[in-house]
Amino acid sequence: MIDWLTRSWVYRFWEGVFRWVRQATDRLLSLGDTRGLAIKIFMGGLAFGLALLFQGTLSDYKAASNALRDANDPEALQQIPSFAPLVWQGMGVFFALVAFLTSLWIRESSPIAVERRGKLIVTALWIAAAAALCSWLPTDIVATREAIFGKALAGENPSIPAYLGKLFLITILILSVPGVAMIYFRLSLMDRYVVHSFLSPFSLCLFSFMAIWVIADITDNGPAFGGMTAGGVLQFYVVQIPFVILFVMPIAVLLSGLSSLSKLSKSNELISMIGAGRSVLRILMPLFVVGIYASLISLAFKYEWAPASVGYKEAVMDSALRKLHAERTGTEVTQDLWAKRGWMHVNEVDRRTWFVGRIPFRLSDEMADVVVWKLTPEGYPETMWKAERARWLAEAEPARWELINVKIYTYDEQHIPRIKSYDVLPIEDWSETPWKVLSSSQNPEYLGIPGLTMYLNANNDMDDVNLAPFRTNWWYVFAEPLSCLALILVAAPLGIVYSRRASMAGVTGAIVIFAMMYLMRGTFLALGQRGTFNPVVAAWGTNIVVAVIGVFMLWFRARNREIPKLSNLFRKRQVVLVSN
C-alpha cells in the first residue's frame, strides 16, 4: 500500500511542489548565508516598521480631521494636520519594499561573483536609506516648521542653527550606512580582515552590555513596573535605546579593540602584516575609522535623543511610584506623565507670580494645577486665578492664554475676595509665555543642543555661576561621543602584545585608564557645573588626557618599542635623585 502511494502521480506531484518551494526558499532567503539573511531580516523589519508608522499617522490624521470638521469652527479647520507627512511616509514604505525585494537577490556567491553581491547589498542599503529619510525628514520638518521659520510654540526664541544641525546630523548618520558599506567593499583584503576581527567582539560586547543594563534596570525598578502594562514597559525601554547605546559604546569599543588586536598579535598575524610592508599605524587605520564612526553614532544620539530619554525615564519612574503609592493607600490613582512637579515664577514688572503644579515635557503643552496671583503696588493681593489647566495658543491672533476650569478671586479694599468660575477663560493681556514661566525649571542634563542653546541665548544676561551647568553640558554633548575615539587610541597600543603576560598587562592597563577616565569625567563636570572650571575644560579635559596617553603609548608601538612601565619610570627617577 505504501509503495503504491509513493508511486502514484499525486504523491510525486506534491513531492515536486514541496521540493520546489524548499529550493526557492533556500535560494531567496539564503538560510545558509548568515550575513545575507541578516540583511533580509533588517530590510523586512524596516518595511514592517515604516508600514506601522504610516498606518498610525493615517489613523491620527483621520481622527484629527473628523474631530475638527465636526466642530464646525472656521478656525479649527485651519488646524487640520498637514497631508504632506502621509505622502512622504507612503513613499518611504514603497522604497522600503523595493529595498526588501532587492535584498532577496543577495545570496552566498562564489569568489567570482563577490563584486555583484557587494553591489546588491550597497544598492539595497541606499534604497533603505532613502526610505528612512522620506519617512522621517519631511515629517519632522512639518512638525517643527514653526522653529525653522523662527516661530516657537512656547514663545521662546528658537535656535535655527541648532535645529538644522540636528537635521543635518541625523541625515548624515542615515546616509552613512550605505556609504560605509560602499567603502567597506572597496577595502583591501587585509583591511577587511582587521575590520572583521573588531566587529565580531564589538557586536557581542555591545548587545551583552545592553542586555546587562536592561536586566539590572528591571531589577532596580521592578516594583515600579507593577502598575504598568507590558506595552508600557516595552515602550519605556525602546525610548531608552539611545541612552543605553551611548552609555555602553565606549567600553564596548575599548574591549573590542583589545580583543581583536590581542588575537592578531598572538596568532602572529600582526607580524605577518608588518612583514608584508605595512606600518603599525597603517594596520590600525581601519580601527581609527571605526572609532570615528562610533563617535558619529554617539553624537547623533547625544545631540537630543539620549538626554530626552533620561528625562522621560525619570518622569515615568516618578509617575509609576506615585500610582503604586496611590493604590496602596487607597487614594485616587493618576496616570499623568509630567517632567516636573512644582515650580514658581515671579514677574516683577507686572507684579504677577506663577505657581505651576505639574510641568509638561514640551513647554508648549498644557500645564496643570496653575495658580497665578497679582499684587497691588503696596504688595497686597489684587487678583488670583486658580485653574486646573493652562494652555498657550501660539497660533492664535493674537497669541493668548486659555485657563480651563478656573476660579478668579478678586480682592476688594478690605482684602475680601469675590469668586467667579469659568469653564474656559481666554486672557490676551499677559506678557508671560510658557518659555518665560518654565524655562528656568529645565534640567540641563535632560536638554540637547537645541534646548541648551535656546536657554543660553535667552538668559545670556544671567551671572556665570547660574549659566555654568548649561554651558558645561552644551560642550559635553560634543565631548562625550568622542570618548570612543579616545579609547580606540588607548586600546590600539595596549592590544598589541607578544605574550600571555603582556596580554593581561594590557587588559589591566585598559581597565585602569577607563576607571580613571570616569573618575576624571565626573570630577571635571562637577567642577564645571559649579563654575570652578571653565566649561570647555570641564567637558573636554578628560578626552584630551586619555587621547594624549593613547598617542604617547602608540608612539612607542609604532616604533616597535615596549611601552614604558610606571614602575620603571619611578625607578629611573629615584636613581637620578640618588645620583644627584
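Looking only at helices (runs of 4 or more DSSP H) that lie completely in region 104-189, which have at least 2 residues being at pLDDT 85 or above, touching a helix residue (DSSP H, G or I) at 6+ places or on another chain (Cβ under 6 Å) and of a type outside the set (Asp, Glu)?
Values: elements: 114-143, 145-148, 160-185.
Result: 114-143, 160-185.
Do we have Glu432 as in a loop (DSSP other than H, G, I, E, B), surrounded by 12 or more Cβ atoms within 10 Å (Cβ to Cβ), of a type in the set (Asp, Glu) and in contact (Cβ under 8 Å) with a residue 12 or more places away in the chain here?
Numbers: in a loop (DSSP other than H, G, I, E, B): yes; surrounded by 12 or more Cβ atoms within 10 Å (Cβ to Cβ): yes; of a type in the set (Asp, Glu): yes; in contact (Cβ under 8 Å) with a residue 12 or more places away in the chain: yes.
Spelling it out, Glu432 is indeed in a loop (DSSP other than H, G, I, E, B), surrounded by 12 or more Cβ atoms within 10 Å (Cβ to Cβ), of a type in the set (Asp, Glu) and in contact (Cβ under 8 Å) with a residue 12 or more places away in the chain.
Based on this model, can you work out whether Ser256 counts as crowded, with 16+ Cβ neighbours inside 10 Å, in contact with a helix residue (DSSP H, G or I) (Cβ under 6 Å, 6 or more places away or on another chain) and part of a helix (DSSP H, G or I)? Walk me through it before giving the result.
Values: crowded, with 16+ Cβ neighbours inside 10 Å: yes; in contact with a helix residue (DSSP H, G or I) (Cβ under 6 Å, 6 or more places away or on another chain): yes; part of a helix (DSSP H, G or I): yes.
Yes, satisfied.
Checking the condition within 21 Å of the chain's Cα centre (by Cα) and either of a type in the set (S, T, N, Q) or within 21 Å of Ile292 (Cβ to Cβ) (or both), which residue from Ile170, Ile212, Ile218 passes? Please lay out each step first, then the result.
Working: Ile212 fails: either of a type in the set (S, T, N, Q) or within 21 Å of Ile292 (Cβ to Cβ) (or both); Ile218 fails: either of a type in the set (S, T, N, Q) or within 21 Å of Ile292 (Cβ to Cβ) (or both).
That would be Ile170, the only listed residue that is within 21 Å of the chain's Cα centre (by Cα) and either of a type in the set (S, T, N, Q) or within 21 Å of Ile292 (Cβ to Cβ) (or both).
In region 457-484, which residues are among the hydrophobic types (A, V, I, L, M, F, W, C) and either buried (at least 21 other Cβ atoms within 10 Å of the Cβ) or more than 13 Å from Pro158 (Cβ to Cβ) (or both)? Walk me through how you get there before you give the answer.
First, the residues of region 457-484 that are among the hydrophobic types (A, V, I, L, M, F, W, C): 458, 462, 465, 467-468, 470, 474-475, 477-479, 482, 484.
Residues satisfying the conditions are Met462, Val465, Leu467, Ala468, Phe470, Trp474, Trp475, Val477, Phe478, Ala479, Leu482, Cys484.
Mind telling me which of the residues Arg278, Arg282 ends up being under 24 Å from Leu487 (Cβ atoms) and not in a helix (DSSP H, G or I)? Spell out the reasoning first.
On the way: Arg282 fails: not in a helix (DSSP H, G or I).
From the options Arg278, Arg282, the qualifying one is Arg278.
Looking at the structure I just gave you, is Gln240 touching a residue at least 12 places away in the same chain (Cβ under 8 Å) and under 30 Å from Lys323 (Cα atoms)? Reasoning before the result, please.
Values: touching a residue at least 12 places away in the same chain (Cβ under 8 Å): yes; under 30 Å from Lys323 (Cα atoms): yes.
The answer is yes for Gln240.
The values are calculated or read from the model by the stated rules, or taken from the named source; none is laboratory data. Treat the numbers as computed from the prediction; the structure is a model and nothing was measured. Here Cβ is always computed from backbone atoms with ideal geometry, including for glycine, and neighbour counts include all displayed protein chains.
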